[in-house]
1. Could you tell me how many of the residues in the stretch 89-101 are touching a helix residue (DSSP H, G or I) at 6+ places or on another chain (Cβ under 9 Å) and outside any strand (DSSP E or B)?
2. Mind checking which residues of the stretch 101-110 are under 11 Å from residue 68 (Cα atoms) and either crowded, with 17+ Cβ neighbours inside 10 Å or modelled with pLDDT of 80 or more (or both)?
3. (1) over 16 Å from residue 30 (Cβ atoms); (2) in contact (Cβ under 8 Å) with a residue 60 or more places away in the chain; (3) assigned to a strand (DSSP E or B): which one isn't true of residue 86, the others all being true?
4. Taking the stretch 49-100, which residues are within 17 Å of residue 117 (Cβ to Cβ) and exposed (fewer than 15 other Cβ atoms within 10 Å of the Cβ)?
5. Filter the stretch 1-60 down to residues that are modelled with pLDDT of 50 or more and not in a loop (DSSP other than H, G, I, E, B), then give me how many there are.
6. Scan the stretch 115-149 residue by residue and report those that are surrounded by 13 or more Cβ atoms within 10 Å (Cβ to Cβ) and part of a strand (DSSP E or B).
7. Within the stretch 61-80, how many residues are over 15 Å from residue 32 (Cα atoms) and in a strand (DSSP E or B)?
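The values are calculated or read from the model by the stated rules, or taken from the named source; none is laboratory data. Keep in mind the model is a prediction, meaning the values are calculated, not measured. As a convention, Cβ positions derive from the backbone with ideal geometry for all residues, glycine included, and neighbour counts pool all protein chains shown.
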């Protein structure tokens, strides 16, 4: 009888401790969404538009497109897809595949259509670790690549 009570107590202790454990987050929920930054490339008289897309399933896409200033149409130049995790103020990007344009046109369409990009798989275990900061209102994402890049949340 004493062993049965001890076993029941031990079982309840394990059950309650398992219920109290919180699942560790693999990324900050504030990262989820579409982030964009546009810069004028004066040598090409085009805007380069860099778009980062972080999804709830832990995947990301990093897109580089070009457009004439003020236009909506974007020609694709480069897309990297992969998975990500974040811890504190650091994102770890693990690319899986890359799509690239055969060449950049300075006339329309200023790049390629998405479906015309050439695909290449990443082999190996590349991990890019990048520090980041998100503004208090969750609308700005600062990534210090070679120089600071301030993305704006667009969705």
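1. Residues meeting the conditions: 1.
2. If the condition is that a residue be under 11 Å from residue 68 (Cα atoms) and either crowded, with 17+ Cβ neighbours inside 10 Å or modelled with pLDDT of 80 or more (or both), then 110 is the only one that fits.
3. Result: residue 86 passes all but (1).
4. Within the stretch 49-100, 73, 96, 97 meet the criteria.
5. Total meeting the criteria: 23.
6. 128, 130, 134, 140, 141, 142, 143, 149
7. Number satisfying all stated conditions: 11.
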